[in-house]
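**Student:** I'd like to ask some things about the structure below.
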Amino acid sequence: MNTFLISALHGYGYPVLWIIVFVAAIGAPISGNLLLYAAGAFAAFGDFNVFILFFVAISAAVLGDNLGYFIGWKIGPPLLLWLEQQKRFRFFSPQSLDRGRAFFRRRAAWAIFITRFLILVLGGPVNWLAGIERYDYRRFLFWDIVGQIIGAIIPLAIGYTFAESWSEAESIFGAFSGLLLAFIAVLIVSIWFIRKVRTQRNNRKVKALKDDTQLRDDTQKEAEKDLPQPVTKPTILILIAHLGGGHLNLAQALNNALEERYHVVIVDPQSKMAEHTYTFLSRRFMALLNWQFICTDNAIAAKWLQRILTLMNRKHILHVMEQVQPQLIITTHAMVSYVVARANEQRKVPVPLIFQLTDLERVHMTWFVEKHATAYLAPTREIFAQACEQSIAQERLYLTGRPIRRQFIEADGTEKAATLTSLGFDPAGFTIFLQGGAKGSASVDQLIKNIQATGIRVQIILAAGNNKKMIERYTGDELIRVIPFTENIAPYMVAADIIVGKAGASFISEAFMLEKPFLVTTIIPSQEAPSLHFIERYNLGWTCLTAAAQRELFVKIANNADMISEKVRSIRTYKEWNMQVYQEVGPLIDHLLTES
């Protein structure tokens with residue numbers, strides 16, 4: 001059969017390829033993938049155009065998959081009705097069928113995607129199942145096209161690259177696919193067996209403890225009758241992402257403002273892998289982060305990115321909501337905003353959803369994919385204007401200022417001398433607070449060299465966070481005091497004359513709350529460059545991104561105290577405005593909860 005198909009391909013070309021791939025995609029037991037390997041090899045010898053082959057393969061496979069989907073859609077109801085008759089179940093029960101269907105609905109996106117290019121033998125059955133289960137057609141089409149693009153590229157590329165031995169390459173890839181299928185089968189059986197054993201063991205434990213538990217419950221209920229019932233606070237769920245520290249700082253600031261009246265729960269629904277990946281990229285591949293930010297900072301790309309994140313995370317976020325049972329939800333990160341909105345819609349009783357917008361000058365477009373959150377809290381006039389431009393309704397948009405953690409609001413400036421003395425510094429000496437960058441993205445080493453090269457005496461309070469290498473490197477230096485991670489960092493920032501570091505919105509905001517000028521020495525270009533305009537507009541500090549400019553500015557500031565005083569006057573003006581509008585956050589939350 002394979003020899004016949006390859007001969008037909010060589011003799012009749014593109015039409016044969018299209019027909020075979022189409023029929024194979026429907027679910028027929030023939031290898032359309034084999035022809036793609038052969039076609040790639042023929043293209044290497046000049047018999048075919050590889051780009052035409054690509055579009056032929058994609059169109060045939062997608063149309064075949066869609067036909068399989070609609071076949072399943074058509075035959076699904078009568079087939080299920082037939083199977084529901086008890087006598088039809090010889091090897092599995094109706095309950096097993098229901099569990100299998102539920103599992104497929106949860107994993108359908110991945111099943112569709114993977115079977116386009118890896119476990120090809122299951123491609124046809126997956127199409128039928130998607131139709132039978134009435135899986136959302138737009139999602140089916142999206143994952144089908146994405147998967148088939150990869151499914152066309154792999155065999156064509158391998159056949160083209162290894163034209164002299166394409167059949168051996170095809171056999172190796174096929175063997176790998178078979179091994180993966182076998183592994184998945186063994187994994188499924190193992191999980192079933194483990195769950196069955198656990199269920200039996202748990203049933204025995206439950207039976208043994210049932211009488212004792214009932215007795216304790218009855219006793220406790222009798223005792224509680226005589227106790228006053230506690231007044232429970234409404235629960236607010238704040239969803240964050242540990243992709244940089246600023247989003248957690250925002251959540252903590254909101255918690256400080258609301259915790260007296262509400263029970264606040266802060267949760268990061270992202271996996272630890274997301275945090276570790278961000279940390280690694282910020283240390284080693286900053287250019288890649290910039291590229292990702294720029295490429296998705298438009299309406300179309302942002303929408304697709306949010307849809308993909310929703311497919312990956314909606315189930316988990318819905319589970320978090322069901323556990324916490326909040327009366328209101330706030331999110332402080334764009335990457336969980338859209339998926340939270342979709343998960344909230346799935347709940348029996350959706351709750352008010354608030355987006356706390358983050359940056360100072362401009363936020364990423366992923367914030368505005370969802371346009372129907374209950375409220376959008378804009379921290380600055382600039383973000384308010386941007387939200388209006390992105391068609392966020394005025395009745396949903398509120399200018400509430402930048403949330404600030406309580407420790408920065410209550411910081412005591414009179415303790416500056418005492419803090420410097422406790423650190424072994426001269427209270428009258430010129431002191432800077434330097435953000436070390438626990439994630440590794442601040443260029444601390446070079447900056448310290450630039451300061452030392454000026455020849456002036458600068459006392460450095462270095463916040464190293466959890467960066468162990470940085471702590472070891474600078475511990476013991478005469479003019480550097482290393483501060484490991486601490487929840488209460490405000491007193492050390494108060495002790496400095498200026499704040500120095502990366503242009504993160506949270507760091508800048510905490511600096512102006514302490515009435516300290518901010519010196520930007522490094523940025524994440526795509527994300528933080530707009531903040532430089534914000535600092536300049538309100539005269540909150542300086543920007544020096546080159547070594548020469550940094551050395552020159554440090555010399556000027558150290559010898560001219562008026563430069564700091566002039567900035568402080570502007571900082572106080574902006575601080576007063578921020579605190580005034582921020583007073584509206586609490587009443588706004590109260591109002592939204594009352595309305596709901």
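**Student:** When both residues are 6+ apart or on different chains and their Cβ atoms are under 7 Å apart, which pairs have a first residue that lies in segment 29-44 and is closer than 15 Å to Gly123 by Cα, and a second that is of a type in the set (Val, Ile, Thr)?
**Tutor:** Ile30/Ile20; Ile30/Val23; Gly32/Ile20; Gly32/Val21
**Student:** Please list, ordered by residue number, the helices (runs of 4 or more DSSP H) wholly in segment 377-464 having 3 or more residues that are in contact (Cβ under 8 Å) with a residue 60 or more places away in the chain and surrounded by 15 or more Cβ atoms within 10 Å (Cβ to Cβ).
**Tutor:** Numbers: elements: 381-389, 406-409, 416-422, 444-453.
Ranges flagged: 406-409, 416-422, 444-453.
Table: residues versus (1) of a type in the set (Phe, Trp, Tyr); (2) under 20 Å from Gly147 (Cα atoms).
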site: Tyr14; (1), (2): yes, no
site: Val21; (1), (2): no, yes
site: Phe51; (1), (2): yes, yes
site: Ile75; (1), (2): no, no
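**Student:** Condition first: under 30 Å from Asn559 (Cβ atoms), part of a loop (DSSP other than H, G, I, E, B) and not aliphatic (A, V, I, L, M). Can you find one or more residues in segment 349-368 that meet it?
**Tutor:** For segment 349-368, residues under 30 Å from Asn559 (Cβ atoms), part of a loop (DSSP other than H, G, I, E, B) and not aliphatic (A, V, I, L, M): absent.
**Student:** In this structure, does Leu545 turn out to be assigned to a loop (DSSP other than H, G, I, E, B), closer than 22 Å to Leu289 by Cβ and not small (Gly, Ala, Ser)? Walk me through how you get there before you give the answer.
**Tutor:** On the way: assigned to a loop (DSSP other than H, G, I, E, B): yes; closer than 22 Å to Leu289 by Cβ: yes; not small (Gly, Ala, Ser): yes.
Against the criterion (assigned to a loop (DSSP other than H, G, I, E, B), closer than 22 Å to Leu289 by Cβ and not small (Gly, Ala, Ser)), Leu545 qualifies.
**Student:** Please determine whether any residue of segment 484-498 is at pLDDT 90 or above, in contact with a Pro (Cβ under 7 Å, 6 or more places away or on another chain) and outside any loop (DSSP other than H, G, I, E, B). So that I can check it myself, show each step before the final result.
**Tutor:** In the first step, residues of segment 484-498 are kept if they are at pLDDT 90 or above; the result is 484, 488-498.
Adding the requirement that they be in contact with a Pro (Cβ under 7 Å, 6 or more places away or on another chain) leaves 498.
If we keep only those that are outside any loop (DSSP other than H, G, I, E, B) too, we end up with 498.
Yes, the conditions are met somewhere in segment 484-498.
**Student:** Scanning for something in a helix (DSSP H, G or I) and either closer than 24 Å to Leu250 by Cβ or in contact with a helix residue (DSSP H, G or I) (Cβ under 9 Å, 6 or more places away or on another chain) (or both), does segment 512-520 turn up at least one residue?
**Tutor:** Let us first name the residues in segment 512-520 that are in a helix (DSSP H, G or I), namely 512-513.
When the remaining residues are screened for being either closer than 24 Å to Leu250 by Cβ or in contact with a helix residue (DSSP H, G or I) (Cβ under 9 Å, 6 or more places away or on another chain) (or both), the result is 512-513.
Checked segment 512-520: at least one residue is in a helix (DSSP H, G or I) and either closer than 24 Å to Leu250 by Cβ or in contact with a helix residue (DSSP H, G or I) (Cβ under 9 Å, 6 or more places away or on another chain) (or both).
The values are calculated or read from the model by the stated rules, or taken from the named source; none is laboratory data. Remember, predicted model here, so these are calculated numbers, not experimental data. Cβ coordinates were reconstructed from backbone atoms using ideal geometry, including for glycine residues, and neighbour counts include every protein chain displayed.
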